[in-house]
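Working notes, structure below.
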Amino acid sequence: MTIFSALLAACAGERPMNLGVKEGMLVACPSSPNCVSSLAADAGHLIAPLSFSGDPAAAFARLQQVLRQRQDATIIEVRADYLRVELRTTLFVDDAEFLLDGEKKVIQLRSASRLGHSDLGKNRSRIEEIRTEFSRR
């Protein structure tokens, strides 16, 4: 049991300290393909932000509700315009961030694997699942 726990901890990796909002933007993706961002400059990492209409605070609350209902999500940090979440698969942890842009009526986002080079599209597919659920509410 101890070996299994150590293996799980190793796969989770350390919580990154360099995330968050820097100069009004989310941190850029690394060059590896295991990250998606609505603010990416290249097509390989680019993903659409979450769009909404109506009250920005209500949209951000709706996103939090979607994330709280996911079995794989743990909310780590909440501010009025920023949300940080850990998203788990069986062995790995990914870090997702959401930044509310009330003026443009979008929620910018970034999701990246902590470890490895490729995520086999998991960050992109998970964000699309979140988008689908967010749009249904």
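Any read-out appearing in this document is the output of simple, stated calculations on the displayed coordinates, not a laboratory observation. Keep in mind it's a predicted model, so treat the numbers as computed, not measured. Note: ideal-geometry Cβ built from the backbone for every residue, glycine included; neighbour counts use all protein chains shown.
Cβ crowding within 10 Å ranks SER32, SER118 as SER118, SER32, fewest other Cβ atoms first. Taking every pair of distinct Cα atoms and averaging 1/r, then inverting, what Kirkwood hydrodynamic radius in Å comes out for segment 2-136? It is 15.2 Å.
Note the direction-averaged projected area, equal to a quarter of the hull surface, for the Cα convex hull of segment 41-84, in nm².
Hull-based average projected area comes out at 4.2 nm².
Helix 56-68 axis versus longest C-alpha principal axis of the chain: approximately 30°, rounded to the nearest ten. Put a plus charge on the Cβ of each Lys and Arg, a minus charge on the Cβ of each Asp and Glu, and nothing anywhere else: the dipole of segment 2-136 about its Cα centre is then about 220 debye. Placing unit charges on the Cβ atoms of the charged side chains and taking the dipole of segment 10-71 about its Cα centre, the candidate lying farthest along the positive direction among ALA43, ALA28, GLN64 is GLN64.
Among 91-103, 124-136, the peptide with the highest mean count of other Cβ atoms within 10 Å heads the list, and the full ranking is 91-103, 124-136. Modelled spin-label separation between SER51 and GLU77, with each label point placed 7 Å from Cα along the Cα-to-Cβ direction: 2.9 nm. Taking amide H as placed 1.01 Å from N in the peptide plane, the amide H of ALA40 sits under 5 Å from that of ILE47, each at least 5 places away or on another chain. Coupling constants for segment 43-50 follow from the phi torsions by the Karplus curve (6.51 cos²θ - 1.76 cosθ + 1.60, θ = phi - 60°), and in residue order they are 5, x, 9, 5, 9, 5, x, 7 Hz; glycine and proline get x. Subtracting the Cα-Cα distance of GLU103 and ALA61 from 0.36 nm times their residue separation leaves 13.5 nm of extension gain.
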